[in-house]
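Report on the structure given below.
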Amino acid sequence: MRLSSVRVVTGISCLLFGAAAWRLGPHSANDFVAEAQTPQAARLAVATQNAGKLRSASVTSAKTSIPDPKPVAAPGTEIYTAKRGEAIPTIARRYLSKTSYLTSSELADAIRGVNHKTDASNILKANENIVIPGILAGPVTEKTIPVARDFEVRAIYLTGFMAGSEHGIRVIKHWREVGGNAVVFDIKDSDGSVTIAYDHPLLGQHNVYVHDVPKLVRFLHQQNMHAIARIAIFRDERLVVNHPELAVQSRKNKTAWRENGKLVWTDPSNPQVQDYNIALAKHVAQLGVDEIQFDYVRFPAEGDQKDAGFVFQKDQPEAAQADASSNNDSCGDGRLARPADAKQGGTSTTADTKSASTTTNPSSSETSSASSPGAKRQKHAVASMKNPAKSRKGGTNAACHLPRGPQRSDVIAG
């Protein structure tokens, strides 16, 4: 009894321990597997996360390395990529010569309009694409438009500074609206300032106001207006200041002669002075202007005439010079052998030798009228520039026909 009880207790204990072991066995195995797999899972998770970061980084770098495509410019336009803080007026000045616009302010307004910007939005962002309108295929070339021999000119006069400005363009348009048909604009004024880009040893550096003469002439032709370029010939302060050897010379002190204290007159009989003005006129005639108006085509008419010495007089005997000086009062106006009407001065000639015109200057009280119907009259106009003496009607003393300068047969065109 005692032995069987022990066996029963032992069997029951074994069963209990076996059940406990069976229940606890799978859980411990899972824990063991989990513990074995935890480092692997952690490493796999880290690898996956890093791979994601690498993939996003590579995508980001790919996006920054490929710039946005630049828009394609339409015909007659150009795309400009602005720098940070760049202004539209600055871009307009840079592009003006490549466009059909006459002034940079006109171009700036056009840039704002085509890019849908307000008048106040001048400053651009970095890499902002701006459309530049009015781009020309090449430089503007214009040709002279002949007019009838009896063409009546109703012109307004503009300085070079005004002709090259936005205000000047408005004046031209208004002049056309009220019945004007021509514009006179300065190429060289009486102070010697040349308003266009022109290279000559006697000129040197100078301010340019009319940057593109053919473009201005084309605009005038589009307005059905006659384009007249004015060149003041022998009254040239700039030239005599920079080259006093080309001025009228004082007999007394052998220096540049002054008209009432002003150093303004070149020597009309000096071949260098003549060549300089003729070269400028030839250059302008090739830019498409319809007419060239010569002004101050004369010798000086005021000041101490007895003291004025000219190149052509060097070939004359001293006695002849003294006689001419002593008899100058017989001309009746106190001048040294100058025609009485020389004080008005000024000659108009056309760039086309087959046309003729009458030039009117409405900006002053004076009206200058002259015609040049052809090469014969044009030759006379240029030759008179070289020869100061012209016969005077009414029995004038012979001294009034002196001095006689050298004559030249070359002309502006033809």
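Listing K262, K306 from the residue with the fewest other Cβ atoms within 10 Å to the one with the most, what is the order? Don't skip to the answer; put the middle values down first.
On the way: K262 13, K306 16.
Ascending number of Cβ neighbours within 10 Å: K262, K306.
Going by how many other Cβ atoms sit within 10 Å of their own, how do E245, E106 line up, fewest first?
Ordered from fewest to most neighbouring Cβ atoms within 10 Å, E245, E106 come out as E245, E106.
Once the mean 1/r over all distinct Cα pairs of the stretch 174-289 is inverted, what Kirkwood radius in angstroms do you read off?
One decimal place: 15.5 Å for the Kirkwood radius.
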task: Using 0.36 nm per residue of separation minus the Cα-Cα distance, give me the extension gain between K262 and F17 in nm, one decimal.
output: 74.6 nm
- request: Report the calculated FRET efficiency for Q272 and K143 (r = Cβ-Cβ distance, R0 = 35 Å), to the nearest 0.05.
  value: 0.65
- prompt: Highest mean first, what order results for 135-142, 110-117 on Cβ atoms within 10 Å?
  reply: 110-117, 135-142
query: In nm, to one decimal, how far is the T77 label point from the K314 one, both placed 7 Å along Cα→Cβ?
result: 6.4 nm
query: Past the 18 Å Cα-Cα mark, which pairs from K252/K306; K143/K215; K98/K173?
result: K98/K173
task: Mind ranking 233-243, 278-288 by how tightly packed they are, going by the mean number of other C-beta atoms within 10 angstrom, highest first?
output: 233-243, 278-288
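By per-residue mean of other Cβ atoms within 10 Å, what is the highest-first order of 83-96, 218-231?
Packing proxy ranking, top to bottom: 218-231, 83-96.
Stretched out fully, how many nm does the piece from T118 to V178 gain, at 0.36 nm a residue minus the Cα gap?
18.4 nm
Any read-out appearing in this document is the output of simple, stated calculations on the displayed coordinates, not a laboratory observation. The structure displayed is predicted, hence computed values, not measured ones. Cβ: placed from backbone, ideal geometry, glycine included. Neighbour counts: every protein chain shown.
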